[in-house]
Each structure stands twice: as C-alpha cells, then as structure tokens.
1. Out of curiosity, is residue 157 surrounded by fewer than 23 Cβ atoms within 10 Å (Cβ to Cβ) and free of Cβ contacts under 8 Å to residues at least 40 places away in the same chain?
2. Can residue 136 be described as on the phi < 0 side of the Ramachandran plot and at pLDDT below 95?
3. Against the conditions (1) within 25 Å of residue 144 (Cβ to Cβ); (2) at pLDDT 95 or above; (3) surrounded by 15 or more Cβ atoms within 10 Å (Cβ to Cβ), where does residue 81 fall short? Just the number, please.
4. Considering only the stretch 295-316, I want to know if a residue exists there that is over 18 Å from the mean Cα position of the chain (by Cα), free of Cβ contacts under 8 Å to residues at least 60 places away in the same chain and at positive phi.
5. With the requirement that a residue be within 14 Å of residue 277 (Cα to Cα) and surrounded by fewer than 22 Cβ atoms within 10 Å (Cβ to Cβ), what does the stretch 232-249 give you?
6. Given (1) modelled with pLDDT under 95; (2) under 18 Å from residue 276 (Cα atoms), identify the lone condition not met by residue 183.
7. Keeping to the stretch 156-175, report how many residues are under 21 Å from the mean Cα position of the chain (by Cα) and in a loop (DSSP other than H, G, I, E, B).
8. Of the numbered conditions (1) over 22 Å from residue 183 (Cβ atoms); (2) surrounded by fewer than 17 Cβ atoms within 10 Å (Cβ to Cβ); (3) modelled with pLDDT of 95 or more, residue 257 satisfies every one except a single condition; which is it?
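The values are calculated or read from the model by the stated rules, or taken from the named source; none is laboratory data. The structure displayed is predicted, hence computed values, not measured ones. Glycine also receives a Cβ, built like all others from the backbone with ideal geometry; neighbour counts cover every protein chain displayed.
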C-alpha cells in the first residue's frame, strides 16, 4: 500500500481485518489495559474549565460531593498517577489555543484521597501547559503550547527535568503507548509527532495534511489514543474529523475512517474532537465539540459506528468500572450524559458544574 511507503492514502481507503492480520497487526480486540484510560471505584474527579473548579463526584450516583476553586486561571486537562493517589491538572491561562492572552505556567497536584490541593508545580517560561500523561516512574510528560515544547516534569522535585522542541506547530494533546515506549503529540496545526522515551528523541512525524496538500505544516489533529494492544493508535484530524489509524511500529497511517454524520466545520470554529477506548477494549468513543454528538464505535471494526446526540459542546469522557456505559462531559452545557454502550443511546444526564472538559474514575 502507499501508506506503507510513508504516503497518506486517499480518504476512505481501508485496510481490512484480514489484511491487517496478514501484515502482523493485532486486530482491535478485547484486551484490558490501563494506559491512558484510568478507571476505578474510589471516586470521580472532573475538571470544570468554565467554572475553574476541581469537582468530585460519588462514583455510583454521580452526585457532586466536593469541589474547590483552582487558585488561578484556568484548569484544563487531567492525568492520574499510577498509584491512584494524585491527579495533575495544568493551569493553561485565561484563553484558548491561539488566543491565550494571559497564559499560566503551573500544574496543580491534587491529593485524591483527601480530595484537596496538595501542591503547585511552577514551570517557569513553559507557558500554557495542556495535554499531559503520568508515567510509571512517577514523572509527568506535558506539552506547553506557546513555547511548543514537550516537557518532562518531576513532581517530587517540583521542577522541569527536560524540555524538547516539538517538530510540529500547535502541540496540544498527547498519548502514551501502554508499554510507555513512545509519546505521541497531537498538534493543532501540524503533523502528529512521535517521541521515543528511551532514546529521548523525536523519531517520526505522521502527516495530517488535508487531501490534495502535498507539503506544508498540515491541517493538524486533535484527540489521540492508542489501541489496547499498543500496536495501533487512532488520531482525529482537524480537516474532516476522520479517524486516522497509525501503525505504531512503523509510525505510518494504515487506514482512514470518517465519522458518520459528522457535520463539516472550518477553522473559524473549534473543531476539537476527543476519543477514548473503553477499558475492556470493546468500544472506541469519540466526541466532536461542534456537533453535539458522541460516537460509539466497534473497536474491532471502526466503520461500525452509532452517533448518539448529547448536550451542546461535548468534550471529555470517562468509563465507569461497571463497563456498560460511558459518561460524556458537555463543556458548553454543564451536563454529564450517560450513554449505554450496548444500545447505544443516552439514558441519563447529571449536573456537570459550569462546563467540564475532562473527568476520570480513579
């Protein structure tokens, strides 16, 4: 295939399950993993970006039980430590990407047992921290989008251990392979960037260009998430909200799958889209901020999709430990929507503060 030679295949070009197996790729399958998707029974933490609050919910009833204001503006994303003891929340600033007039440079450390602020890590010149993941060695990997850097932060020493220039413009989201060998940085205005953690170097850029564009910085991407087996990764592009499937061994695109019924958008509107695999690997759930839709997708066949209407401005999602549903946070509506994964359909809605961006069971 053309994609195996490092070229982007035409839109809707597919790689069948049989062809994938013949090439040695593990099909999307029922493989439990922790990776970038934490779940548990102790509690639920949510980052209310609109209200600039950290909120805690009962893990069974989703009734809010505690909240406190972030000390400065403005709380955005979320990472959970491997021991489920702490959450890390970047303070991005008072704006959005491309219009962040007063960028912040701090990360909040939240004690999940006490449900309280434990510490604040200052990042110095590394402003507008956003996407982040926690690794098993206790470190944080963070992207700061104004300096366009990938950072390694040591929470114990409260300092930036290393900083790397991102090869694509607009570093904003990121994902970690389950074996922690690579970090993938999704960039709003450029190609997907691949960082080898062991060798501490960038090793590849996966083209995210619009159809017909042969060179340049690209149209960028948004949500990014590895498959449970770690051999493939799905990233949503900024042009059409297509699902791009990446072979993580060669770091090349091997499939492209449109989201059905996804309305068109343009750069004047936020095309933010996110996605996450269910912990059991059965489903991939995607959201598109501009559409008021979530998609429940068969992880074994990404073309089997069910769009589910949700409240305005859907962003992050989290999976309860019962494994039967997903909760989608609607940033614009202050609601949390429960989607039954078997149906699939929306079955309940809960108060979600002023506007939650991300949340997680722990």
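1. When the stated conditions are applied, residue 157 passes them.
2. yes
3. Only one criterion is unmet by residue 81, namely (2).
4. The answer is no, given that none of the residues of the stretch 295-316 is over 18 Å from the mean Cα position of the chain (by Cα), free of Cβ contacts under 8 Å to residues at least 60 places away in the same chain and at positive phi.
5. Hit for the stretch 232-249 is 232, nothing else.
6. It fails just one condition, (1).
7. Residues that pass the stated criteria total 5.
8. (2)
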